[in-house]
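The structure appears below as structure tokens.
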Amino acid sequence: MPAHDWKNAPADRTSTDTLSAAGLEYRVIDTSDAETFHPYLQAEMRGFLAGEQSDEQLGGIRDGLAFRRFAGVYDPAALEPTQPVGTVNSWVTDMTMPGGRVIPMWAISGVTVAPTHRRKGIARAMLEGELRTAAAAGVPIAGLTVSEATIYGRFGFSPATYASDWSIETKRAVWVGPRPDGRLDFIDRERLREQLAELHGRIRTARPGEIEAWPGLWLRMSGLAPGQEGGGKLRAVRYADSAGTTRGIAVYRLSDEGSDFTKHELDLHYLLSETDDAYAALWRFALEHDLVSIVKSPLRSVDEPVRWMIADQRGATVETSEHGWLRILDVPTVLTARTYARGGSFTLRITDALGFAAGTWRLTVTEGGQAEVSAVEGPADAAMSVNALSSMLLGGVRPTTLRTAGLADAEADVAASLDAVFASRETPYLSLWY
Ligand SMILES: CC(C)(COP(=O)(O)OP(=O)(O)OC[C@H]1O[C@@H](n2cnc3c(N)ncnc32)[C@H](O)[C@@H]1OP(=O)(O)O)[C@@H](O)C(=O)NCCC(=O)NCCS
């Protein structure tokens, strides 16, 4: 099955058989059939602890996500057999590698199992089924973002990008950064949706780890999804350069903190910038906003320059956590798709309980940073799991760190040269949840 036909990939045979032995049915559903898709979406939303969705909300979710491949596990003995007891959806999207090339990634989302059917192996059957289907379609890597960090390591996923949540006290922070000349304008929500899509499309290849977005995401980000609560409170400004071209967008919401009107909180939901000027102007806009005492901004990079644009760095509280998880399926394809910081040659032994990435691989990188990879026999310079290799892939996790943590077996000098070769000029970053 070619990768472009991912939407029609059938349910994995092995998982179908495993689930069938437990009296369950595993099938890919028809997203154009509301009779099937709406009960499916209700089950998925319940799995994420949300309430029952209205028809309008279901329609909005359906329109935003129907392009994906949805698979469900059904229990024919259930009182509501049209509602699945397990859900997972997936699609193939671009992911940026160090150096700016993109590779197709099997993105996985919406993994839920009904609390009535938990811990019977349904999630395992679905996840392993997704990985086998991705590999059969020739997709070299899978990715996801997680609700809990304890679930996906067992399937070979591991964090490759980290994100930070910022909370800045505006009175302490005091802007000391640049004051660019371009102009700021409010934009309405329809224009916001269009310009977010355009701008993200232009800049996503500049950051390893970033993926292609989907139209439904921008609709929701702009507060325009049908039945979306709180959309009217969203505000957006754009920064335009001297030629009038949009170079950055900030989407935010203001909320008051009780009786003191001077203490509003500004939640900076999303900030996209194509230039340093746009970045500085939009952060300054947020931090100097009148009647605001706190600016909160989730899911920022771990090396935000704003830290150096405020007078008192302790006015900012920053919490960092893993965000983008990757799972290599095809070692030669992913390792040759990126560029490297310098030349080197290593033999890597990779273990993988599911088999996809297992083997001993010779990685040879030219001084110009281009790689060749071949399967070899014999001893290795470094040994690690597919999890560790997936974490190293984008340059965001250092091999020496993994070695100290007991997750990579290599001499210290080999790990140090892996650090130097795998380093990425841009800090890996994923600006979205999916
Ligand atoms: C997380 C969830 C999908 C697991 O489904 P499940 O069918 O109960 O999982 P399985 O029975 O297939 O368990 C597979 C393995 O994962 C482990 N596991 C499952 N859920 C786990 C969790 N929340 N934390 C840690 N381990 C977990 C199981 O112990 C089992 O381990 P083992 O096979 O290595 O012994 C389900 O509990 C759920 O829907 N949770 C709410 C929604 C959610 O958080 N989804 C994840 C979105 S990113």
Please report the spacing between the Cα centers of segment 37-89 and segment 119-187 in Å, no decimals.
23 Å
Using 7 Å Cα-to-Cβ label points, what is the residue 116/residue 302 separation (nm, one decimal)?
4.2 nm
Candidate span helices, the chain: DSSP H, at least 20 Å along axis from Cα coords, Kyte-Doolittle average at least 0.0, result 122-136
Would you please give the FRET efficiency between residue 245 and residue 358, computed as 1/(1 + (r/R0)^6) with r the Cβ-Cβ distance and R0 = 35 Å, to the nearest 0.05?
0.15
Under 30 Å Cα to Cα from residue 296, which lysines show up? Leave out anything in the same chain fewer than 8 places away.
171, 233, 263
Cβ-derived FRET efficiency at R0 60 Å, residue 289 paired with residue 13, nearest 0.05:
0.60
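Find how much the distance from residue 101 to residue 313 grows on full extension, using 0.36 nm per residue of separation minus their present alpha carbon separation; answer in nm with one decimal.
72.8 nm
Full extension from residue 220 to residue 188: what is 0.36 nm times the residue separation minus their Cα-Cα distance, to one decimal in nm?
10.1 nm
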Amide N proximity, segment 102-117 versus residue 50 label position 7 Å along Cα-to-Cβ, cut-off under 20 Å:
107-116
With equal scatterers on the alpha carbons only and no solvent term, can you work out the Debye log10 of I(q)/I(0) for the chain at 0.13, 0.14 1/Å?
-1.23, -1.34
Relative contact order of the chain, please, whole-number percent, based on alpha carbon pairs below 8 angstrom and at least 6 residues apart.
18 percent
Contact order relative to length of segment 175-309, as percent, for alpha carbon pairs under 8 angstrom and 6 or more apart:
27 percent
Could you list 434, 40 in order of exposure, starting from the residue whose Cβ has the fewest other Cβ atoms within 10 Å?
434, 40
Filtering chymotrypsin sites (Phe, Trp or Tyr not before Pro) in segment 42-133 by DSSP loop and by at most 13 other Cβ atoms within 10 Å leaves 48, 67
Counting other C-beta atoms within 10 Å, which of 269, 200 has the fewest, and how do the rest follow?
269, 200
Nearest-5 percent of antiparallel DSSP beta bridges in segment 330-422?
80 percent
Within the chain, what's the longest stretch lacking GluC sites (Glu not before Pro) that sit in DSSP loops with no more than 10 other Cβ atoms inside 10 Å?
230-366
I need the calculated FRET efficiency for the pair residue 206 and residue 21, taking r as the beta carbon distance and R₀ as 35 Å, to the nearest 0.05.
0.15
If I take all pairs of Cα atoms in segment 330-422, what percentage of them are more than 23 Å from each other?
11 percent
Cβ density ranking, 10 Å radius, fewest first, applied to 234, 144, 394 yields 234, 144, 394
At most 10 other Cβ atoms within 10 Å and a DSSP loop assignment: could you name the chymotrypsin sites (Phe, Trp or Tyr not before Pro) in segment 192-283 that fit?
261
Give me the percent relative contact order of segment 337-424, please, defined on Cα pairs under 8 angstrom at least 6 residues apart.
30 percent
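Read the figures in this text as sums done on the coordinates, not as results from a lab. Since the model is a prediction, treat every value here as computed from it, not as a measurement. Every residue, glycine among them, receives a Cβ derived from its backbone with ideal geometry; neighbour counts consider all protein chains shown.
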